[in-house]
Each structure stands twice: as C-alpha cells, then as structure tokens.
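J.: My questions all concern the structure below.
The values are calculated or read from the model by the stated rules, or taken from the named source; none is laboratory data. A quick note: this is a predicted structure, and the numbers were derived from the prediction, not measured. For neighbour counting, all protein chains shown are included, and Cβ atoms are generated from backbone atoms with ideal geometry for every residue, glycine included. For accessibility, only protein heavy atoms count, side chains too; no ligands or nucleic acids. Shrake-Rupley method; radii C 1.70, N 1.55, O 1.52, S 1.80 Å.
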Amino acid sequence: MNRSTLYLFGVCAFTAAAIACSSANPAAPVPPPPAGANAAPDGSTLKVSAPSALAPVNDSKLTSEIVTLSARAATPMFQSATPVALQYRFQVFNAAGTMIENALANSTTYQVTAALVPNSRHTWKVRAESSGEAGPFSPTASFVTLDPSIINDPLTNGTTTGARIGGTFIPGQGWQSNSLTDAIQWDIAGGCYDCRLEFDVTNIGGQEGLPYFKDLKFVSMADPGSFGSFGSFRDTPWKMHLIQRADYPTGLEIVWRNGAVNSEGGDPGDHRIKLPDTPISWSSSNVYHFRLDWGTTGYNININGIDVLADGWNYWYEVAPLRIQLGCIPRAESFVGIIYRNVVLKKH
C-alpha cells in the first residue's frame, strides 16, 4: 500500500469516526426564547381571560374612607393537570393618571392602603398573575373618594347615616317624605358654628302646603331637646327653619335664631325674612340644589346658584349638640312627596 492510499484511508477513518461520534452525542440544548417572545398583543403571557371590575365603578361616590376594590375572577384558557393558583394585581391611579397603588393580592378583593385625595376621581384596574406570568388587565374602572364632611349621605343607596322617621327610599333617587311627620335627622355632638349644609330636592311644586293650610319646611335645626313637641321647638332660642310659603307661588321664609327669642329684630334674635316673591320657580320635574352657609357674621341661603335669603349677626349660631332635620316633625310641617338626596355638611 503506498503512502497516498494510507493517507486517504486515514481521512476516511477520521470522517467515519466523526460521523459516528456525532450520532452518538445529541445536539446541545436550544436556549429558551427571550422573555416576552410568546406574549399576546396586549403584553400578557398568562393564558387567562381579563378580570372585570365589580365595585366601585362608574365614578360612584364613596361613603367610607375605607376603599375596597372587588373584581370578577379571571378564567384560565389552558388545561393543567393541577389547579393553577391565581393572584390578582390591583393598580390604582389618581386624577392626574399617576399610579399610587400597585399590589398583588391572593383574592379578587383588595383594600387600598395608599393615601387617596379626598373628594377626587380615581381609576383602577386588575389582572391575574401566576408564577411570574401575567394575564390581560381589566377595563379601567373609576370612583370618587369620600368628601371629608361631617355628614356625607347620598340617600340614593337605600340607607342613611342619620335617623329616619318614616318615608321611603327610592333606589337611585333618594329618600321620599310621605307625610307631614316624616323626617331624617342627624345629631352633631360638637355643633357646627361655621359650616355649609347642602342637599338636593325634587318632586316639588309651588305652594305645596296650601292643601294643608301650612307653610312647609325644607329643613329645621335646633338643639335635640327642642324637637320633642310643638311648644319646645317654637320657643327654643336656637330654632332655624327654611320655609316654602303656601300663600305665594315662589315665596320663601326663614327664621334663624342665634341664641334668643326676639322677633323684633334684635341680635341675638329671630333673624326672620319673609319674601312673597323669589327667582325660584318650582316644578316637580326639576332638581333644586340648596346651599346653606352660616358662620361668625351671619347666614346665606342659595338655591340653584341664586342667593335668595341672607342676614348678618354678631352672635354665632353655636348650639351644641345640634340637630339637623329634613322636614319639621315637631310642627308636623314636612313636605309630602318631596325627594331628598346628596346631603353634605362640612366646616368652612
């Protein structure tokens, strides 16, 4: 065998050995794809449906400082030999769109721990997560935080933070007074000498008291003990009531005593104003927003943005405790059929 033949044989042997070795040893493992390579167009990597926000939603006004978010669970879109434990990531944003809460919870409810701006719109969303993978986010929901008020009572949710005497709740509309002696009342232990009371009314026309030969009362205030009888309310030095006159279609009247019974214009005294005619035209289909302000210098009554009654004083209305009553039970002069909602009392 010559040298060329030996060389060729060696090359063939080496090649065969190489092929044999290649067949005996499997290829090196292929590295996993980079993170997100299998992500859906929305960025999710977990095959589950998006949860849905249950509450709070639709800019609902909260009635508590405690904010609890609730969602409907996501549904897995894959098969697994063992159940997959899902967690839920809740994200909350302030009115400027800045994320202020980003928390992972073991259930579909979560109590927000971040400090939320009072009386401000917030949004939130939620998604399911498991083992580092995340599903799609829910559509964004929204709510408005509690107004830091002494009273914040929408009356549209079938309940009240005050004491209800008669009347009925109409879902989504408010509380309806059905007789001359129906009312809702709140007792403010420390009084309220520099404050604003607001509420809305509807289902009210002009001269509502005419069939009863009475001037009916939108709201009354005094010390709680004065509400026990007609006489005690009549004679209290802290009586306040706002009146729709029955003798004139747009007439209004107020009596606001700041510490004494004095109908001759003294201070302290009655601070009584009777108007046969005002710019307020009553219609049962309209909503009327009342705003009552009082403080160290006097009071002002505003209806639908119009100042209708005002007077000054030198002595504060500092009765404590203070009862605020929608209607006027001791005089049996509450409206019949009126609907109240969105009652708010706050200090200036």
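J.: Any idea which of (1) at pLDDT below 95; (2) out of contact with any Gly (no Cβ under 9 Å at 6 or more places or on another chain); (3) more than 20 Å from F199 (Cβ to Cβ) is the one A128 doesn't satisfy?
T.: Of the numbered conditions (1) at pLDDT below 95; (2) out of contact with any Gly (no Cβ under 9 Å at 6 or more places or on another chain); (3) more than 20 Å from F199 (Cβ to Cβ), the odd one out for A128 is (2).
J.: Ok, one more. Given the conditions (1) over 16 Å from C192 (Cα atoms); (2) in contact with a strand residue (DSSP E or B) (Cβ under 9 Å, 6 or more places away or on another chain); (3) open to solvent by less than 60 Å² (accessible area, probe 1.4 Å); (4) not hydrophobic (A, V, I, L, M, F, W, C), which single one is not true for G269?
T.: (2)
J.: Can you tell me which residues in the range 227-245 are open to solvent by 10 Å² or more (accessible area, probe 1.4 Å) and assigned to a helix (DSSP H, G or I)?
T.: Of everything in the range 227-245, those that are open to solvent by 10 Å² or more (accessible area, probe 1.4 Å) and assigned to a helix (DSSP H, G or I) turn out to be F227, G228, F230, G231, S232, R234, D235.
J.: Now for a different question. Looking at the range 156-176, can you tell me whether even one residue there is open to solvent by less than 20 Å² (accessible area, probe 1.4 Å), out of contact with any Phe, Trp or Tyr (no Cβ under 8 Å at 6 or more places or on another chain) and either more than 20 Å from V219 (Cα to Cα) or at pLDDT 95 or above (or both)?
T.: no
J.: Are any of the residues in the range 201-211 in a strand (DSSP E or B) and touching a residue at least 60 places away in the same chain (Cβ under 8 Å)?
T.: The answer is yes; a qualifying residue exists.
J.: Among (1) at negative phi; (2) touching a residue at least 40 places away in the same chain (Cβ under 8 Å), which single condition is A96 missing?
T.: (2) is the only condition that A96 fails.
J.: What number of residues within the range 59-75 satisfy the criterion of being at pLDDT 90 or above and surrounded by 14 or more Cβ atoms within 10 Å (Cβ to Cβ)?
T.: The qualifying residues number 8.
J.: Shifting gears a bit: Looking for whichever is small (G, A, S) and closer than 28 Å to D153 by Cα here; the options are A40, A85, A50, A71. Which one fits?
T.: Sole residue among the options that is small (G, A, S) and closer than 28 Å to D153 by Cα: A71.
J.: In this structure, is W186 surrounded by 15 or more Cβ atoms within 10 Å (Cβ to Cβ) and over 25 Å from V57 (Cβ atoms)?
T.: Yes: the conditions hold for W186.
J.: Here are some residues: D293, D223. Which one is at pLDDT 95 or above, among the acidic types (D, E), over 26 Å from T181 (Cβ atoms) and open to solvent by less than 60 Å² (accessible area, probe 1.4 Å)?
T.: When all the criteria are applied, what remains is D293.
J.: Could you grab me the full set of residues in the range 76-113 that are over 23 Å from S130 (Cβ atoms), polar (S, T, N, Q) and surrounded by 14 or more Cβ atoms within 10 Å (Cβ to Cβ)?
T.: Once the filter is applied, which keeps residues that are over 23 Å from S130 (Cβ atoms), polar (S, T, N, Q) and surrounded by 14 or more Cβ atoms within 10 Å (Cβ to Cβ), the range 76-113 yields only N94.
J.: Determine whether the range 246-258 contains at least one residue that is crowded, with 22+ Cβ neighbours inside 10 Å and part of a loop (DSSP other than H, G, I, E, B).
T.: Scanning the range 246-258, I find at least one residue that is crowded, with 22+ Cβ neighbours inside 10 Å and part of a loop (DSSP other than H, G, I, E, B), so the answer is yes.
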